[in-house]
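See structure below.
The values are calculated or read from the model by the stated rules, or taken from the named source; none is laboratory data. Here the structure is a predicted model, which is why all the values come from computation and not from measurement. Every residue, glycine as well, gets a Cβ built from its backbone with ideal geometry; the counts of neighbours run over all protein chains shown. Ligands, DNA and RNA are excluded from the accessible area calculation, which covers all protein heavy atoms including side chains. Shrake-Rupley method; radii C 1.70, N 1.55, O 1.52, S 1.80 Å.
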Amino acid sequence: MSDKRTFTGNLLYGLMHLIGLLPAWWHYLWSDVAAFLLRKVFRYRLDTVRGQLTRVFGKEGKKYIKPFYRHLADLAVEYFMLAGFDEKGFAEHAVVTNPEIFGELHREGHHNLFLLIGHLGNWEYYTGFNLFCDTEFNVLYKRQHGVGNEVFSRLRSKFGSRLLDKNEAGSYIVSHRRDPINRTYIFAADQEPPYGSINLYTRFLGQPTATFTGAERLASALSAPVIYTHSRQTKRGHYEVTLELITKDASSLAKGDLSIKYMELLEKDILMAPEQWLWSHKRWKHTLEWRKANDPNFDRQNIRINL
């Protein structure tokens, strides 16, 4: 079964690669069609998108619905484009403005770095940034089922990034903390944390928001530097990332401060281009109000509230 899955995965990836070689205008033509179908015909998660945009922006939120679906469809075709890129082609679509920050930190003796990203712009392109940066990128990801895992694993590692199953990442990072290898661990830290692991609520996009703190805890345990990535789209299909050092030693910050700072930086970037964030995934499932009303142990839990 495993051999069959690998064969099928390689076959599908090869097909993606061939499609990815087609010119950009062809991909974005189909993206425009897909965006219309997702929004008007299939109404893909339309209630979630509309509801979250309205929650944050009020009546003004509706003006971002159409641009968001255009961006969502672009992300889909850019998977194919990524499969077709060689190193030169990738570098024409993704830029890191200050990659030297990695080398500088490593030369200071920091072997383990943490890179915090959001689901803003095209986060899949981070898997190719080791082409520009003097570090070994390790990307945390959610393992897919079946053939999908074979395809996405090949896609995300094609430029040399290593993949870490998010369920195994913590033990791997801690057990390899003293290796003399310069590594950077990439966390997409803007998702909704599992209910049982929520220990921080902070204000994000005007909402009390349960905040993922796993990256902070690991970085603190390793006394590691933490870097935030400002992502912006310079034109359709082209993304630019600028790195900002949050701290050289995560353990020097009070519990929760690093995660709060990350959410503040991400919020500013989202407000500059709201359509670029992933509004189709529910972000406020476990609200503070609901938890206070429904969790009898809330007052006895060590939950920081920063509002």
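Quick rundown of the values:
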{"item": "Subset of segment 186-203 (residues that are under 15 Å from LEU120 (Cβ atoms) and surrounded by fewer than 22 Cβ atoms within 10 Å (Cβ to Cβ))", "result": "ALA188, GLN191"}
{"item": "Breaking point among (1) over 23 Å from the mean Cα position of the chain (by Cα); (2) open to solvent by less than 30 Å² (accessible area, probe 1.4 Å); (3) at pLDDT 95 or above, for GLY9", "result": "(3)"}
{"item": "Single unsatisfied condition, GLY61 versus (1) within 25 Å of TYR125 (Cα to Cα); (2) assigned to a helix (DSSP H, G or I); (3) not aliphatic (A, V, I, L, M)", "result": "(1)"}
{"item": "Scope segment 269-296; condition of a type in the set (Lys, Arg), surrounded by fewer than 18 Cβ atoms within 10 Å (Cβ to Cβ) and part of a loop (DSSP other than H, G, I, E, B); matching residues", "result": "LYS282, LYS285"}
{"item": "Positions within segment 241-268 being surrounded by 15 or more Cβ atoms within 10 Å (Cβ to Cβ) and of a type in the set (A, V, I, L, M), in sequence order", "result": "VAL241, LEU243, ILE246, ALA250, LEU253, LEU258, ILE260, MET263, LEU265, LEU266"}
{"item": "Residues located in segment 30-69, provided they are closer than 23 Å to ILE19 by Cβ and hydrophobic (A, V, I, L, M, F, W, C)", "result": "TRP30, VAL33, ALA34, ALA35, PHE36, LEU37, LEU38, VAL41, PHE42"}
{"item": "Segment 126-146, subset in a loop (DSSP other than H, G, I, E, B) and not polar (S, T, N, Q), residue most open to solvent (accessible area, probe 1.4 Å)", "result": "HIS145"}
{"item": "Failed criterion for ALA219 (all others in (1) open to solvent by less than 10 Å² (accessible area, probe 1.4 Å); (2) more than 28 Å from ASP74 (Cα to Cα); (3) part of a strand (DSSP E or B) hold)", "result": "(3)"}
{"item": "Flag for VAL77 being of a type in the set (Val, Ile, Thr), more than 23 Å from PRO208 (Cα to Cα) and within 18 Å of the chain's Cα centre (by Cα)", "result": "yes"}
{"item": "Any hit, segment 166-180, residues being touching a residue at least 40 places away in the same chain (Cβ under 8 Å), more than 17 Å from TYR125 (Cα to Cα), outside any helix (DSSP H, G or I) and in contact with a His (Cβ under 6 Å, 6 or more places away or on another chain)", "result": "no"}
{"item": "Residue in segment 166-180 that is more than 22 Å from GLY237 (Cβ to Cβ) and crowded, with 17+ Cβ neighbours inside 10 Å present", "result": "yes"}
{"item": "Number of the condition not met by ASN149 [criteria: (1) in contact with a Lys or Arg (Cβ under 7 Å, 6 or more places away or on another chain); (2) over 22 Å from ALA250 (Cβ atoms); (3) open to solvent by 50 Å² or more (accessible area, probe 1.4 Å)]", "result": "(3)"}
{"item": "Inter-residue pairs, beta-carbon under 6 Å, first closer than 19 Å to VAL151 by Cα and in a helix (DSSP H, G or I) and in segment 79-108, second open to solvent by 20 Å² or more (accessible area, probe 1.4 Å) and at pLDDT 95 or above, 6+ apart", "result": "PHE80/MET16; PHE80/ILE19; ALA83/MET16; ALA83/HIS17; GLY84/HIS17; GLY84/LEU21"}
{"item": "Residue identified as acidic (Asp, Glu), out of contact with any Lys or Arg (no Cβ under 9 Å at 6 or more places or on another chain), open to solvent by 60 Å² or more (accessible area, probe 1.4 Å) and over 24 Å from TRP30 (Cβ atoms) among GLU108, GLU92, GLU87", "result": "GLU87"}
{"item": "Sole residue being in a helix (DSSP H, G or I), in contact with a Ser or Thr (Cβ under 7 Å, 6 or more places away or on another chain), in contact (Cβ under 8 Å) with a residue 60 or more places away in the chain and surrounded by 17 or more Cβ atoms within 10 Å (Cβ to Cβ), chosen from LEU53, LEU72", "result": "LEU72"}
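For every residue, the table says whether it meets (1) of a type in the set (D, E, K, R); (2) at pLDDT 95 or above.
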{"site": "GLY84", "(1), (2)": "no, yes"}
{"site": "ASN98", "(1), (2)": "no, yes"}
{"site": "ILE101", "(1), (2)": "no, yes"}
{"site": "ARG107", "(1), (2)": "yes, yes"}
{"site": "LEU116", "(1), (2)": "no, yes"}
{"site": "LEU120", "(1), (2)": "no, yes"}
{"site": "CYS133", "(1), (2)": "no, no"}
{"site": "ASN138", "(1), (2)": "no, yes"}
